[in-house]
Amino acid sequence: MKRKDLDKMLNLIDDELLEEAKPSKKPKATKKPKSYFIQLAVCVACFLLVLNVSILTPILIARNFENNGNSTEQGTIINNSFSNIIFNSQGGQKTEVVLSSPISLIPDKYNSLKSLLKNKFPGLNEDAVEDNIKEEIDSSDKDESLEDATEKYEETTDLQVGGVVEGDLLKRSSKYLYYLDGQTLRIYSIKGNNSKLVSLYNMSKIYSLISDSTKIRGEKESTDDELYEEVLDKEEYDKRDIKEMFLAKDLKTVTIVSQGYFEFDDGRNHYIRELPYVSLISLNIEDVNDIYVNNISILYGRYESARVVDGEIIVFTKYTPKRESAIVPQYSDGLGFKLFDHDKIYYNEETRTNKYLLAYRMNESTLIMNDVGAYLDYGDIIYVSKDNIYLTHEYYQRGENEHKTVTEILRIDYSNGKFEKKGVLKVDGYLKDRFSLDEYDGVLRVVTTDNTRDVKTLDDFGTSANLYCALVDTMEIKASVIRFAPSGEIVRSVRFKDYNAYVCTSIQITDPVFFFDLGNLDNIYYKDTGTIPGFSNTLVDFGKDLLGIGVDSDWNLKIEVYRETDTGVERVCHYLVNGTCSDEYKAYFIDRKNGLIGLGIYDYNSQWPNRYVLLKYTGDGFMAVIDKEMNGDMDLMRATLVDGWFYIISDSDFVVREIPYSIAKRY
């Protein structure tokens, strides 16, 4: 749909309908919304209906009503802490419409939060609020250290882009390790063999408080509709949906990111969950022995990812309007709920669904909203550089001569304090993950799997791989290498480093690994390893060489190193385990300076199958430095090296081992 068509539709909207649909606002707090906000909402509803999206109502805006049970021409209105439920009469049947709004709580201290929660959730008594927020710390666990050394932030996550911080389960300062274990934040002192748990903050009660507040009580018939998912194991669901955390570089706050769902009572005290939201919980950790909730913010959508850049946290969520939710998303700025502005919603001519990628830009310490953006049918893959955000949209194109998958890449500049749309790049094929994108020296590099098929000859060329280099300013392709992999192969992993690109492709369980030199875009050349058994799911730049983590021909764990030579690329060495490892990249410990790689494995042949292995790359082989049985989930294992001591943490274990100076120098 083109912009002129949208504007044309806006002019057809009845002004009386717009007047009736206006959202209320807090007195003297928000300005009267401009009519085009409402026009856009109604227009998008019409647009989605044309696309056969099942929407039962044109009412798009959540309203705040002062009195419960008011009778209106629309129906009966029932207040709820988060939502208003409107019962309309359609075809003689009662239809429930839920117009959900997120909340944003911005207190600065524990007492302020307690007071705010009591006002917002009057059903909670004084003791319940007290117990749900403030956790007592056993005096035996308190850190009595009086050291005067200046504490500083230390990055533990192997970041894709320097300076663009990613959330993780493990973060640290020069004095403490912070580990997010489900609903518990565990803090350990960094003292080698004398390290201990100094503080433990259990967030289960604050999660329960938020969860209880998002339950919508009322009569709702049970249904087998795919929109609903019954919560069968509440404890397990809560633990699974705790995502990751950020440690502020000033070491004053930890921000916990978790996934929640509005829950509806079916009338028999049985709750059915839907309408996902993301909660950000900021904990004050200036005194690790006295942690308290600092801020809380709740956002629309299902969590995708987040980044912290220069004191701002950027959160990405997916929001798909259902039959009973607001079509146009909203956000809270602390003064009230607002629709996304007209210029904050982006779509294109290839838009085929009603799925949004929502971007929220917030102050990391206060969680105050600075900017928002909504991108219809975008967000298949999200890549964030120091100045730009790249969102992808993938679709299948049926042309006169050929059919193929096309990926559209939208560039959003966020360097000037706002989300600004800057350009679009279209490339053939589909991307594997965010590591298939990279911005360097003004050039965006992209690797795709190509699946072009000739229509006239019905010739399926077989899949292959493409490399594109586009100028960031114009989003125009400057150079490309098309279908460089053998026919039938797909992209398994990609890694960029400076002017180099490394690509592993495979067909079944054999692969080549390609080395590209992108220093001169007018003369791109590449080398490859030839066929090697197995393939690498992950490629890691590893000093002068390249590290691959994947499987061998028998689908067992394979860790190997590749090196570029004058004539091609050779495999230097490999390490095999009759087992498997996590596919979560953040679960790998990467130390390029010392040539160390650590990861949790499941060893089929071991008496203790769950293990953690730390390997030293010597230049021509691997040496096992640590091979230790570990309790816990491989995906949740994290490790870090501090002053010759190696710390391994999982959801149910904590191990410290000393590393000889010859293995790991004290940088």
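Remarks
- Taken over segment 366-395, the criterion of being among the polar types (S, T, N, Q) and modelled with pLDDT of 95 or more is satisfied by 385, 388, 392.
Each row is one residue, and each column tells you yes or no for (1) modelled with pLDDT of 90 or more; (2) of a type in the set (D, E, K, R).
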{"position": "315", "(1), (2)": "yes, no"}
{"position": "321", "(1), (2)": "no, no"}
{"position": "364", "(1), (2)": "yes, yes"}
{"position": "400", "(1), (2)": "no, yes"}
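- Qualifying residue in segment 579-597 (condition: surrounded by 19 or more Cβ atoms within 10 Å (Cβ to Cβ), in contact with a strand residue (DSSP E or B) (Cβ under 8 Å, 6 or more places away or on another chain) and farther than 24 Å from residue 166 by Cβ): no
- Being among the aromatic types (Phe, Trp, Tyr) and outside any loop (DSSP other than H, G, I, E, B) holds for only one residue in 378, 390, and it is 390.
- Residue that is farthest from residue 558 (Cα to Cα), among those in segment 622-637 that are crowded, with 19+ Cβ neighbours inside 10 Å and touching a helix residue (DSSP H, G or I) at 6+ places or on another chain (Cβ under 7 Å): 637
- Qualifying residue in segment 636-644 (condition: of a type in the set (S, T, N, Q) and within 26 Å of residue 573 (Cα to Cα)): yes
- Screening residue 554 against (1) assigned by TED's automatic domain parsing to the domain that holds residue 615; (2) in a loop (DSSP other than H, G, I, E, B); (3) not hydroxyl-bearing (Ser, Thr, Tyr) leaves a single unmet condition, (1).
- Of all residues making up segment 494-528, the number that are touching a Lys or Arg at 6+ places or on another chain (Cβ under 7 Å) and either surrounded by fewer than 17 Cβ atoms within 10 Å (Cβ to Cβ) or among the small types (Gly, Ala, Ser) (or both): 3
- Failed item, numbered, when residue 427 is tested on (1) assigned to a strand (DSSP E or B); (2) under 24 Å from residue 341 (Cα atoms); (3) over 19 Å from the mean Cα position of the chain (by Cα): (2)
- Residues of segment 415-440 that are in contact (Cβ under 8 Å) with a residue 40 or more places away in the chain, touching an Asp or Glu at 6+ places or on another chain (Cβ under 7 Å) and among the basic types (Lys, Arg): 418, 422.
- Checked across segment 355-370, the condition of being part of a strand (DSSP E or B), out of contact with any Lys or Arg (no Cβ under 7 Å at 6 or more places or on another chain) and among the small types (Gly, Ala, Ser) holds for at least one residue.
- Residues in segment 278-298 that are touching a Phe, Trp or Tyr at 6+ places or on another chain (Cβ under 6 Å) and surrounded by fewer than 24 Cβ atoms within 10 Å (Cβ to Cβ): 284, 291, 292, 298.
- Condition met for residue 345 (modelled with pLDDT of 80 or more, surrounded by 15 or more Cβ atoms within 10 Å (Cβ to Cβ), more than 24 Å from residue 160 (Cβ to Cβ) and in contact with a helix residue (DSSP H, G or I) (Cβ under 9 Å, 6 or more places away or on another chain)): yes
- Matching residues, segment 453-505, being of a type in the set (Ser, Thr, Tyr) and assigned to a strand (DSSP E or B): 464, 468, 480, 493, 502, 505
- Within segment 393-410, the residues that satisfy the criterion of being in contact (Cβ under 8 Å) with a residue 12 or more places away in the chain, assigned to a strand (DSSP E or B) and of a type in the set (S, T, N, Q) are 405, 407.
- Flag if residue 359 is at pLDDT 75 or above and of a type outside the set (Ser, Thr, Tyr): yes
- Selection over segment 570-628 of residues that are more than 21 Å from residue 658 (Cβ to Cβ) and part of a strand (DSSP E or B) gives a count of 15.
- Test result for residue 499, touching a residue at least 12 places away in the same chain (Cβ under 8 Å), closer than 28 Å to residue 453 by Cα and of a type outside the set (Val, Ile, Thr): no
The values are calculated or read from the model by the stated rules, or taken from the named source; none is laboratory data. Treat the numbers as computed from the prediction; the structure is a model and nothing was measured. All Cβ positions, even for glycine, are placed from backbone atoms using ideal geometry, and neighbour counts span all protein chains on display.
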